[in-house]
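Enquirer: Please read through the structure below; I'll follow up with questions.
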Amino acid sequence: MRTDAPSTPRLRVAAAVAAALAVIIVGSGLWACQSSAEQLKTAAAERGQPTVNLIAPKPLTQEALELPARIEAWSRAPIYARVSGYLKRWQADIGTPVKAGQLLAEIETPDLDQQLAQARAELNTARSNAALAASTAKRWQSLLESDSVSRQEVEERSGDLAAKQSTVNALQANVERIQALKQFTRLTAPFDGIVTARNTDVGALINVGGSPGSELFVVSDVRRLRVYVNVPQRQVTRVQSGAKAQLTVPERPGQTFDATVESLSRSINTGTGAMLVQLVVDNTRGELLPGGFATVRFVGSAAKPSADPAPTSALGLPPGAVIINKAGVQVATVDAQNRVQLRKVTIARDLGTVLEIATGLTAQDRVIENPPDGLANGDVVRVNTEAATPAAKGRS
């Protein structure tokens, strides 16, 4: 008789319990692994989405246009030597006011004096020869009437008289030429003004010159000044003839001078991409210096033509929000689903801390302040709502 029969059901129960425990343990492990994988996947996805700060472009007011300029004298005359010699004396130093025709300096020309003496002597000789030829021709003409000489001989004497008279005329012109050069030994002011340069002294060797840097004196009329400004092509419509402007110079901080647009070049320089504008400023008090640099501020209301419609305000962004690569100039915007959209824009002006955007952007766009490298269209980003960056502000 077998004694282990009653233990068979117990073994079956124990096996079933063990199997159930094994299933529970395996299921728990699989669930834990799947949960960990999902968490890792979610964390990786979150780490792959860059966190960005958004800014809103703000309209830039166009009340004024400020541009660098240079100041020039109303009239500037470099005085060059027309004759060679030595400087005998000078009578006007730098900063001296002069009148038109006033003597600036005198050149001593011993070589030219001898040339004049020689020319006069040659002229006297030619005149004597012409007088002798005239009397000879007259005498032979009287002999022709009595048929004492031939007509051929008389014509030869008449031709000799004409040749000698031509020599007299040529030598007379040479004397007058040297006398005209002799007048250039006196250097005079061409107009009322101020001597702004003196590049010679007594006893200096003077050579005939006309190249820059070889001038002996420079006379400038500074009662009025010309101001030259290069206006960028995008801003030329804001400047017109007769417009008013304000001029400032670094040597007189806080002081402004009224200027008026005198003329426009009406063409764009291919090298600078700007149009040359000439302004006029009064300088009767002598406070402005020709040759210096200045800043011209065109007042917005005066610079806009009255017939033009009100222009659309430009938008401003900080330089860090602009992407410049082989695709051109772009900004990264974010839509309602936090997806990136790259937009091409046009920069009108660089105002230092603010870039003026002309096209490609609206005031309602959400722009990434500092877009990370490698950002592409359709990328999903996380918007940082805790640290809001102020929008770009500025004036054009």
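Enquirer: Would you please name the residue that is surrounded by the most Cβ atoms within 10 Å (Cβ to Cβ), looking only at residues in the range 50-91 that are modelled with pLDDT under 85 and closer than 30 Å to Asp258 by Cα?
Expert: My answer is Leu60.
Enquirer: Does Gly159 qualify as being in contact (Cβ under 8 Å) with a residue 60 or more places away in the chain and out of contact with any helix residue (DSSP H, G or I) (no Cβ under 6 Å at 6 or more places or on another chain)?
Expert: Here the answer is no, as Gly159 does not meet what is asked.
Enquirer: Could you tell me whether the range 132-145 includes any residue that is of a type in the set (A, V, I, L, M), touching a residue at least 24 places away in the same chain (Cβ under 8 Å), closer than 30 Å to Leu104 by Cβ and part of a helix (DSSP H, G or I)?
Expert: Checked against the condition, which is being of a type in the set (A, V, I, L, M), touching a residue at least 24 places away in the same chain (Cβ under 8 Å), closer than 30 Å to Leu104 by Cβ and part of a helix (DSSP H, G or I), the range 132-145 yields no hits at all.
Enquirer: With the structure loaded, tell me whether Ala307 is loosely packed, with under 11 Cβ neighbours inside 10 Å, modelled with pLDDT under 90 and over 28 Å from Trp74 (Cβ atoms) or whether it fails that test.
Expert: For Ala307, the condition - loosely packed, with under 11 Cβ neighbours inside 10 Å, modelled with pLDDT under 90 and over 28 Å from Trp74 (Cβ atoms) - is met.
Enquirer: Looking at the range 68-112 only, could you name the residues that are touching a residue at least 60 places away in the same chain (Cβ under 8 Å) and among the charged types (D, E, K, R)?
Expert: Arg70, Glu72, Arg76, Arg82, Lys88, Arg89, Asp93, Lys99, Glu106, Glu108
Enquirer: Related question: Can you say whether Ala126 is part of a helix (DSSP H, G or I), surrounded by 13 or more Cβ atoms within 10 Å (Cβ to Cβ), outside the structural domain of Ala189 (by TED's automatic domain parsing) and among the small types (Gly, Ala, Ser), as far as the supplied structure shows?
Expert: Yes: the conditions hold for Ala126.
Enquirer: Would you call Ser301 at pLDDT below 90 and either outside any loop (DSSP other than H, G, I, E, B) or of a type outside the set (Asp, Glu) (or both)?
Expert: Yes.
Enquirer: Also, I was wondering about something else. Being part of a strand (DSSP E or B) and on the phi > 0 side of the Ramachandran plot is the filter here; which residues of the range 326-357 pass it?
Expert: Once the filter is applied, which keeps residues that are part of a strand (DSSP E or B) and on the phi > 0 side of the Ramachandran plot, the range 326-357 yields only Gly328.
Enquirer: Can you name every residue in the range 209-238 that is at pLDDT below 90 and either in contact with a Phe, Trp or Tyr (Cβ under 8 Å, 6 or more places away or on another chain) or in a loop (DSSP other than H, G, I, E, B) (or both)?
Expert: Result: Gly209, Gly210, Ser211, Pro212, Gly213, Ser214, Arg238.
Enquirer: Among the residues that make up the range 319-333, is at least one of them under 14 Å from Pro57 (Cα atoms), polar (S, T, N, Q) and in contact with a helix residue (DSSP H, G or I) (Cβ under 9 Å, 6 or more places away or on another chain)?
Expert: no
Enquirer: Go through the range 133-171 and count every residue that is within 60 Å of the chain's Cα centre (by Cα) and surrounded by fewer than 16 Cβ atoms within 10 Å (Cβ to Cβ).
Expert: 3
Enquirer: Consider the range 261-298. How many of its residues are closer than 24 Å to Ala197 by Cβ, in a loop (DSSP other than H, G, I, E, B) and of a type outside the set (Val, Ile, Thr)?
Expert: Adding up the residues that qualify gives 9.
Enquirer: Would you mind telling me which numbered condition in (1) surrounded by 13 or more Cβ atoms within 10 Å (Cβ to Cβ); (2) touching a residue at least 40 places away in the same chain (Cβ under 8 Å) Asn207 fails?
Expert: (1)
The values are calculated or read from the model by the stated rules, or taken from the named source; none is laboratory data. Everything quoted here is computed from the prediction, not taken from an experiment. Note: ideal-geometry Cβ built from the backbone for every residue, glycine included; neighbour counts use all protein chains shown.
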